[in-house]
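Only one structure is covered here, and it is reproduced in the block below.
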Amino acid sequence: MEQEQNQTGRPLALITGASSGLGAVFARRLAREGYDLVLVARRKERLESLAGELRQSTGIFVETLPADLSQDDALRLVEERIAGAPNFEFLVNNAGFGTMSLFPKADVASQDAMHRLHVLATMRLTHAALPGMLARNKGYIVNVSSVASFLQGPGNVNYCSTKAWMNSFTEGIYVELQYMRSDVRVQALCPGFTITEFHHAMGIDRSFVSRSWWMPAEKVVDDSLAGLKRGKLFVIPGLRYKLIVLVLKFLPGFLLHIVAKRGPANRREQATHPKRET
């Protein structure tokens, strides 16, 4: 860990899963907006490379915090870093991974880790961030969910389930903040197919769906930040995905199940390839 006291006077943001994909794009965007950063991920070398790039291009303070958030000791360390920062203003719970395996055949350790990362880490880091944000009446929390949270499909049972929990949790926090009349803002970001390392690391070639379905990570992050400014709870980037989610809300259960069984996961060899975007 590279840690030093941040005394720049700028607000501080912490991003999990910052070594690649959406996490790295969030880091670049927030650095340009004047945030100092704490970057959290498992891959130390990737973190340090990104930190060096951002220091050179923006002059901001960047701390790297290598941590596997599915492990209690590492998660506790990040909680303490958030709770101890008087200028903490922005949390992005982005760390996550997917697998491609029918649940009875899946490695149970990977499924356990998925729940720890998507559910427990999101809950505990949000809990660590909120007291200071509420005291200052300012702050932003983005929980990176997925369009998959609105559906189920063979080979993705726990991924869809944990992302659905993330939506419900974020909405619950949103309601509580309204009840407390707080200006702190929370968001569930629900992208569809996004050009990152996520699918590649699962052993899935992007050609399994048309190129037109894939969105740049920069587009997803831009929509997220624009939605935060408007106080929008659920952000679903891309008109196509907005329409899909709208239709899914009105489909009866039996039709949802037909759609799920004919989805991409059911057309592929069911082999588990965990991907940890941390």
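The values are calculated or read from the model by the stated rules, or taken from the named source; none is laboratory data. None of these values were measured; they are calculated from a predicted model. Cβ sites come from the backbone with ideal geometry, for glycine too, and all protein chains shown count toward neighbours. Please note that ligands, DNA and RNA were not included when accessible areas were found on the heavy atoms of the full protein model with its side chains. Shrake-Rupley method; radii C 1.70, N 1.55, O 1.52, S 1.80 Å.
Under 8 Å between Cβ atoms, which residue pairs at least 6 apart in sequence (or on different chains) link something in segment 157-186 that is more than 17 Å from residue 228 (Cα to Cα) with a partner that is open to solvent by 80 Å² or more (accessible area, probe 1.4 Å)?
Pairs that qualify, where the first residue is more than 17 Å from residue 228 (Cα to Cα) and the partner is open to solvent by 80 Å² or more (accessible area, probe 1.4 Å), are 157/103; 158/103.
Kindly check whether there is at least one residue in segment 164-176 that is over 17 Å from residue 94 (Cα atoms), at pLDDT below 95 and buried (at least 19 other Cβ atoms within 10 Å of the Cβ).
So far as segment 164-176 goes, no, none of its residues is over 17 Å from residue 94 (Cα atoms), at pLDDT below 95 and buried (at least 19 other Cβ atoms within 10 Å of the Cβ).
Please go through (1) at pLDDT 95 or above; (2) crowded, with 22+ Cβ neighbours inside 10 Å; (3) out of contact with any Asp or Glu (no Cβ under 7 Å at 6 or more places or on another chain) for residue 99 and return the number of the only condition it doesn't satisfy.
For residue 99, the exception is condition (1).
With the requirement that a residue be at positive phi and out of contact with any strand residue (DSSP E or B) (no Cβ under 8 Å at 6 or more places or on another chain), what does segment 20-66 give you?
34, 59
Looking at segment 116-150 only, could you name the residues that are in a helix (DSSP H, G or I), open to solvent by less than 10 Å² (accessible area, probe 1.4 Å) and of a type outside the set (Gly, Ala, Ser)?
117, 118, 122, 125, 126, 133
What pairs can you find where one residue is in segment 122-139 and touching a residue at least 24 places away in the same chain (Cβ under 8 Å) and within 15 Å of residue 13 (Cα to Cα), the other is among the acidic types (Asp, Glu) and part of a helix (DSSP H, G or I), and their Cβ atoms are less than 6 Å apart, with a gap of 6+ or different chains?
Filtered contacts from segment 122-139: 128/79.
Are there any pairs with C-beta distances below 6 angstrom linking a residue in segment 31-44 that is over 19 Å from residue 222 (Cα atoms) and in contact (Cβ under 8 Å) with a residue 40 or more places away in the chain to a residue that is part of a strand (DSSP E or B) and open to solvent by less than 30 Å² (accessible area, probe 1.4 Å), with the two at least 6 apart or on different chains, and if so which?
Cβ pairs passing all conditions: 38/14; 38/63; 38/65; 40/16; 40/65.
Name the residues in segment 1-11 that are at pLDDT below 70 and open to solvent by 60 Å² or more (accessible area, probe 1.4 Å), would you? Spell out the reasoning first.
The first filter runs over segment 1-11 and keeps only residues at pLDDT below 70, leaving 1-7.
Matches in segment 1-11: 1, 2, 3, 4, 5, 7.
With the requirement that a residue be at pLDDT below 95 and surrounded by 14 or more Cβ atoms within 10 Å (Cβ to Cβ), what does segment 222-239 give you?
Within segment 222-239, just 238 meets the criteria.
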